[in-house]
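Remarks on the structure that follows.
Bear in mind these aren't lab numbers, they're just calculated from the coordinates by the rules spelled out. Keep in mind that this is a model prediction, so the values were computed, not measured. All Cβ positions, glycine included, derive from the backbone under ideal geometry; neighbour counts span all protein chains shown.
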Amino acid sequence: MGLNMTLGARWLLFATLFASLLNNSNAVDSGSIIPLYIYPVTNSGGNAWQALFDAYRAHPINTWAIVNVNSGPGGRRKDANYINAIRDLHAAGIKTLGYVLTNYTRRSEAAVRADMDRWKQLYSPTGIFFDEMAYDDVNSKVQYYQNLNNYAKAQGYTYTVGNPGTRTIARYFNTVDNIVVFESDTGFPSTDLICSQDTNGKGRQSVSILPYNIGTLNTAAVTDAKACAGFIFVTNDSGNNPWDTLPGYLTQLFEVLKG
């Protein structure tokens with residue numbers, strides 16, 4: 001009927017197609033990068049990570065769990081509980097990141113490489129999480145993370161995340177696959193704060209946020225943040241280690257992130 005369509009019919013078709021495109025653009029998926037600084041077995045012998053498995057099975061999204069034995073991979077001895085728990089995460093489809101401290105480049109590259117080697121030898125996580133990432137515009141610091149990223153990839157790690165916990169300069173987005181631009185208990189970050197981060201052309205998939213001490217999940221704020229943050233985790237936990245429990249609204253968060 002194309003050539004014989006009336007002007008009104010054409011406008012109706014255009015409006016329908018436009019609305020469809022608009023709805024599809026808003027229904028964007030985001031994943032979650034989760035600091036899982038929780039011993040995997042409860043005092044009673046249960047699975048301390050069960051809430052993560054439940055949320056993922058209900059709403060499977062691109063999920064990375066940061067595993068932290070003792071501010072890194074721990075000693076040279078394997079912990080069977082971590083081995084079993086990481087194996088179960090991988091079997092379920094959840095990928096893992098081994099926690100490594102960089103102390104804003106004050107820790108030597110050799111020490112960080114040693115931690116990456118130990119992670120691989122003991123637990124074989126999928127990728128590496130560089131905590132306390134520098135964010136100032138200093139060539140030697142940018143090169144530090146580039147060198148560590150290159151080493152991680154050479155060792156078979158497929159994904160790297162850096163955590164300055166705040167907005168950073170664009171050049172750092174060339175050094176790792178993803179950067180946490182917000183880690184704070186000051187409330188959910190504004191869309192302007194997230195979307196104004198220059199990613200050096202890497203886009204939303206290179207951006208993560210980690211707001212904590214959020215008592216009630218604001219689903220509208222999460223939906224808005226998805227426009228510019230490819231990975232979002234929110235928790236009601238707080239204190240010195242706001243990552244030692246999982247929030248009761250985790251499944252709801254995954255549902256919103258699923259799109």
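When peptides 104-113, 234-243 are sorted by average Cβ neighbour count within 10 Å, with the highest value leading, the order is 234-243, 104-113. A cut-off of 5 Å between modelled amide H atoms, ignoring neighbours fewer than 5 places along the same chain, links Val41 with Ala48.
Which of the peptides 177-185, 87-95 is most tightly packed, and how do the rest follow, judged by the mean count of other Cβ atoms within 10 Å per residue?
Details: 177-185: 21.6, 87-95: 15.7.
The peptides rank, most packed first, as 177-185, 87-95.
Pairs of Lys residues in the chain, spaced 8 or more positions apart or belonging to different chains, with C-alpha separations under 28 angstrom: 19 in total. Computing semi-axes √(5λ) of the Cα gyration tensor in Å directly from the structure and comparing it against (1) 34, 18, 15; (2) 36, 23, 17; (3) 41, 19, 16 singles out (2).
Per DSSP H run of n ≥ 4, the term is -39500 (n - 2.57); total these for the chain, divide by its residue number, and report the mean residue ellipticity at 222 nm rounded to 500 deg cm²/dmol. Spell out each step's value before the answer.
Numbers: 8 runs with 93 residues, N = 259.
It lands at -11000 deg cm²/dmol.
Go ahead and set up a Gaussian network model of the chain, Cα springs under 10 Å, then flag whichever of Ser124, Ser140, Ser206 fluctuates most. Judging by the Gaussian network model, the answer is Ser140.
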